[in-house]
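Report on the following structure.
The values are calculated or read from the model by the stated rules, or taken from the named source; none is laboratory data. The model shown is predicted, which means the values in this text are computed figures rather than measured ones. Don't worry about glycine lacking a Cβ; one is built from the backbone with ideal geometry, like all the others, and counts go over all protein chains shown.
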């Protein structure tokens, strides 16, 4: 099973980092569960702002009300920023390496050659099992690599098997 078909291509924000001889095999965005904390902050802030508004409204706290709702608006702006960051954050596995790209203003591209990966596993906590995400943990030969773990990976079992097959091909696997 290939998670990216031959007709698909990475977004231009990712495609510019692929070498001419590489072909993309897997490209996934992190699981939306990465946004659970910002969502909880938004709703918690909204509830707190509502309770404080009701309490201060009865005590004629006009300036305090404005300050409370401006603070909640800042939380909302932060949430929108997190969603925008999530939308450009990709894990790309090519025929030769793994890339982790992200960042809106400061672009980060982390890379690990597949030939350097000596051991790979994935972990899933209870929430990850319920929502369908996990974390890849990789060990590499030699020096420290750009990244060791990749949290919030969707369908971790499928991706794990696919990447392991690329890292440790069987003897009867030929070129596709």
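The table for this structure:
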| quantity | calculated |
| --- | --- |
| Any hit, segment 49-60, residues being touching a strand residue (DSSP E or B) at 6+ places or on another chain (Cβ under 6 Å), outside any loop (DSSP other than H, G, I, E, B) and without any contact (Cβ under 8 Å) to a residue 60 or more places away in the chain | no |
| Number of positions in segment 125-162 that are surrounded by 17 or more Cβ atoms within 10 Å (Cβ to Cβ) and within 19 Å of residue 102 (Cβ to Cβ) | 12 |
| Filter result for residue 42 (surrounded by 11 or more Cβ atoms within 10 Å (Cβ to Cβ) and farther than 30 Å from residue 29 by Cα) | no |
| Residue count, segment 119-136 (criterion: out of contact with any helix residue (DSSP H, G or I) (no Cβ under 9 Å at 6 or more places or on another chain) and either closer than 18 Å to residue 94 by Cα or not assigned by TED's automatic domain parsing to the domain that holds residue 21 (or both)) | 1 |
| Residue 100 in the same structural domain as residue 152 (by TED's automatic domain parsing) and either in contact (Cβ under 8 Å) with a residue 40 or more places away in the chain or at positive phi (or both) | yes |
| Any hit, segment 75-90, residues being assigned to a strand (DSSP E or B), in contact with a strand residue (DSSP E or B) (Cβ under 9 Å, 6 or more places away or on another chain) and under 18 Å from residue 31 (Cβ atoms) | yes |
| Single match in 92, 34, 66, 80 (criterion: loosely packed, with under 14 Cβ neighbours inside 10 Å and at pLDDT 90 or above) | 80 |
| Checklist (1) in a loop (DSSP other than H, G, I, E, B); (2) modelled with pLDDT of 90 or more; (3) buried (at least 17 other Cβ atoms within 10 Å of the Cβ) applied to residue 106, failing item | (3) |
| Leading residue by the ranking (modelled with the highest pLDDT) among those in segment 109-124 that are surrounded by 12 or more Cβ atoms within 10 Å (Cβ to Cβ) and part of a helix (DSSP H, G or I) | 114 |
